[in-house]
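*Asks:* The structure follows.
FYI, it's all coordinate maths here, none of it is from the lab. Just so you know, these numbers come straight off a predicted model, no measurement behind them. FYI the Cβ positions are ideal-geometry reconstructions off the backbone, even for glycines, and counts take in every protein chain you see.
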Amino acid sequence: MNMSIVNKSLRPAIMMVILFSIIIGLIYPGIVTAISQVIFPYQANGSLHTVNGQVIGSDLIGQEWTSPRYFHGRPSATLANDGSKSQPYNAQNSAASNLGPTNKTLIKTVKQRTEELQKENPGVAVPVDLVTSSGSGLDPDITPAAAYFQIPRIANERGLTPDQVKKLVADNTTGRFLWIFGEAHVNVLNLNIALDALKK
Amino acid sequence: MTLNSVAQVLAFVILLLVVTKPMGLYLSRVFNGERTWLSPFFVPVERVLYRISGVNHEEESSWKRYVIDMLLFSLVGMLLLYIIMRTQQWQGAFFNPQGMGAVEQRLAFNTTASFTTNTNWQNYAGEQTMTYLTQMVGLAFHNFASAATGIALAVALVRGLSRRSAQHLGNFWVDMTRCMLYILLPISIVGALVLVSQGVIQNFSPYITAHTLNGATQIIAQGPVASQEFIKNFGTNGGGFFNVNSAHPYENPNIITEYITIVSIFAIPAGLFYMFGKMVGNTRQGWVLWIVSIILCLIGVVVTLTAEQGGNPMLANLGLNQQVSATQAGGNMEGKEVRFGITQSSLFTVVTTDASCGAVNSFLDSYTPIGGLVPLINIGLGEIVFGGVGSGLYGILVFAILSVFIAGLMVGRTPEYLGKKIERKEIMMAAVAILILPASILLFSALSIVLPQGSSSIANAGPHGLTEILYAFTSANGNNGSAFAGLSGNTPYYNWTLGLAMIIGRFAFLIPVLAMAGSLVKKKVVPANLGTFPTTGPLFVTLLIGVILIVGALTYFPAYALGPIVEHLLMISGKAF
């Protein structure tokens, strides 16, 4: 290779990388951050839900619900930060299960989850999203079918009528955008906040 | 497929059709050096950049110089990224509020190769490994730079086809700079802000602690996500800010961001097809490539969607409900998000692997064998179904040249493409480009299955394990970056081999392509006559699709038969591993 060609290109290569690192790497995200913080501060800062000055979660990030008094979200495959053990809905270490369709562990786990859920609502087939783990491990939503499935338990635990809970689920269901796009879903955090409000 | 699925997919095709022509016209204005409405602002910026860098913007260069400029730009960018990752511990509390340490050497090499080559394969979890400075100046910079590089190369090849009896292909620095300033940067600013309005985050906060109603604490990762998210898709890069990429609700919170994502992945590649037609003087030449692409894309969508909507037969008798109904999407929901369901997950997966994007909104390792085979085939075909930014156009043009050559052989006359005679040198370069990828994919895969360092990373036993390895090297060589993510990639063995595969896949493909451009640009144009094979009609569409599928099938069928195909057969007979 002719060295003079290399020399001729080396200065532009170094300078272009430096200059564009500044333009693209610093100025561009700086502009986007500044504008976002002014016009969309709620979204830019994580769509956080605050009660009495304390953050109780993000509307967009799923949480782990274990109390039978609350609607539960989907199984989550996230691990503790060091990867040593399961820690569902760890929002600083998002992950999927990556279990293949013919993996025995998948089949066994789904079977266990299904049997567990069938106890609270015998005779009803369990909606698939309640027994499979989400892609992000942070899915904030369940399907309307999964919410309806949990109504007997919630009504029983809270001393409400199934119809009251059913109406609550219907009110908190987001349908498809323009009736066509995406899928109907229920945000578990907002549903549970509405559930707590109903009690009073 | 349900009626609703058809409607959601058709809406995507229509949106893509709408953006193609305006994008193509704008691209051709920018690369012809014409004035645009941004010129008053950016012409002075351009001048300053050229002056500081010592670039003579009026000087054009031969293909060799173009390649050398491109290689040096990539190499310097690589070094800078490596240094940034290795010095994270000193980046300070503003850029590194979580106090992250330096990235380990081999992982840093792999990531450097990955982002420089527009692959964006990720052997790390972003929110656990990378500081905000690394994400912005290190990774997002390469999202722009590798995209601009790819587009510049495609423009150079188009000049090779459109110029007559010439020597020069353009000036790499000018093409790259104009691409950055006039196309990628302004559209990304607008795009990023729209994403923020929908819930994609953009801040420099430390991670937030929430106290949940259920009585637990949850720490939620933060960062300047939107500015990186838009270009991740628009530049067909695909490297997520977070580990789970576009499945993460902070990257892709709802159906609006979902459509923005998939349309922006195809926007530049589709626009480049139009630009190509415009530059060679007949836009039908570009629309032909568009039609070939949309046909191949829709075949993939139909197959994947049907497979995923059918659910997992292994779970069929466990007492759960996988049926599509008014209240649930049903199907194979492992690794998928409720807000996207089966339709948007399948559509996203096909789009991201048709292009060289590799962002994912659902996890391919958990797809049904046939649902997972489609993305593998898409990448194996060379990502020419719209394809990556730039790489899609130069990839499909290689196949177009091969197609006219084969057609020429059938009737026994010298083939021409766009009036340029296709001769020995062009076919040699096209063949080299087409053969290097499968050779690298299959050799690396075979090696990894034989060596314990390779096979010990497999997460799912049985034929699925073979698919994991095959997918990893297909994705790395194809510069896609999506994964069957169960495979543990962050090992010394995979950090080195996948890193090498990415470099081979990028540069060993585009150097012969540019050599071909350098040879084509010198040729004069022969006027079309009765014996010329027309490259704008249905016959050419059929031939091109045939050549693409036959080359792909002949190359990979044996490997696919042992992986996803045998897994599918075993799955329907009820065999688990």
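*Asks:* Which value, in debye to the nearest 20, gives the size of the charge dipole of region B:21-281 about its Cα centre, when Lys and Arg are +1 and Asp and Glu are -1 at the Cβ?
*Replies:* 680
*Asks:* Quick check on chain B: helices-only [θ] at 222 nm, where DSSP H runs of length 4 and up contribute -39,500 (n - 2.57) each and the sum goes over total residues. Nearest 500, please.
*Replies:* -20000 deg cm²/dmol
*Asks:* In terms of Cα to Cα distance under 14 Å, which aspartates and glutamates are near enough to residue B:64, apart from those fewer than 8 places away along the same chain?
*Replies:* Hits, sequence-local ones excluded: zero.
*Asks:* Here are some pairs, B:420/B:522; A:119/B:336; B:21/B:522; which of them have Cα atoms lying more than 21 Å apart in this structure?
*Replies:* Going by Cα-Cα distance, A:119/B:336; B:21/B:522 fall outside the 21 Å limit.
*Asks:* Starting from the amide H of residue B:421, placed 1.01 Å from N in the peptide plane, find each other amide H under 5 Å away whose residue is 5 or more places distant or on another chain.
*Replies:* B:526
*Asks:* So which aspartates and glutamates pass the test for residue B:524, namely a Cα distance under 18 Å, with those fewer than 8 places away in the same chain ruled out?
*Replies:* Within the straight-line cut-off, residue B:524 pairs with B:416, B:423, B:426.
*Asks:* Next up: Could you sort the peptides B:77-85, B:30-38 by per-residue average Cβ neighbour count (10 Å cutoff), highest mean leading?
*Replies:* Per-residue mean Cβ counts within 10 Å order the peptides as B:77-85, B:30-38.
*Asks:* Further, regarding this structure: In whole Hz and in residue order, list the ³J(HN,Hα) couplings for region B:445-462 that follow from phi through the Karplus curve 6.51 cos²θ - 1.76 cosθ + 1.60, θ = phi - 60°; x for Gly and Pro.
*Replies:* Once rounded to whole Hz, the list reads 5, 4, 4, 5, 6, 6, 7, x, 4, x, 6, 6, 7, 5, 9, 10, 6, x.
*Asks:* Using the crude model of +1 on Lys and Arg Cβ and -1 on Asp and Glu Cβ, and no other charge, please compute the dipole size for the protein assembly as shown relative to its Cα centre, in debye to 20.
*Replies:* Value, rounded to 20: 1760 debye.
*Asks:* Turning to a different aspect of this structure: Report the charge-dipole magnitude of region B:425-569 in Debye, nearest 20, computed about the Cα centre from +1 at each Lys and Arg Cβ and -1 at each Asp and Glu Cβ.
*Replies:* 640
*Asks:* Using 7 Å Cα-to-Cβ label points, what is the residue A:167/residue B:323 separation (nm, one decimal)?
*Replies:* Taking the two extended label points, one gets 2.9 nm.
*Asks:* Rounded, prolate or oblate: which fits region B:516-562 when a ≥ b ≥ c are the square roots of the eigenvalues of the alpha-carbon gyration tensor, with rounded for a/c under 1.5 and prolate only if a/b beats b/c?
*Replies:* It comes out oblate by the Cα gyration axes.
*Asks:* Is chain B best put as rounded, prolate or oblate by its Cα gyration tensor, with a ≥ b ≥ c the root eigenvalues, rounded for a/c under 1.5, and otherwise prolate when a/b is larger than b/c, oblate when not?
*Replies:* oblate
*Asks:* Let me ask something additional. At 222 nm, what helix-only mean residue ellipticity would chain A give, in deg cm²/dmol to the nearest 500, using -39500 (n - 2.57) for each DSSP H run of four or more?
*Replies:* When only DSSP H runs of four or more count, the value is -13500 deg cm²/dmol.
*Asks:* Is region A:63-197 best put as rounded, prolate or oblate by its Cα gyration tensor, with a ≥ b ≥ c the root eigenvalues, rounded for a/c under 1.5, and otherwise prolate when a/b is larger than b/c, oblate when not?
*Replies:* prolate
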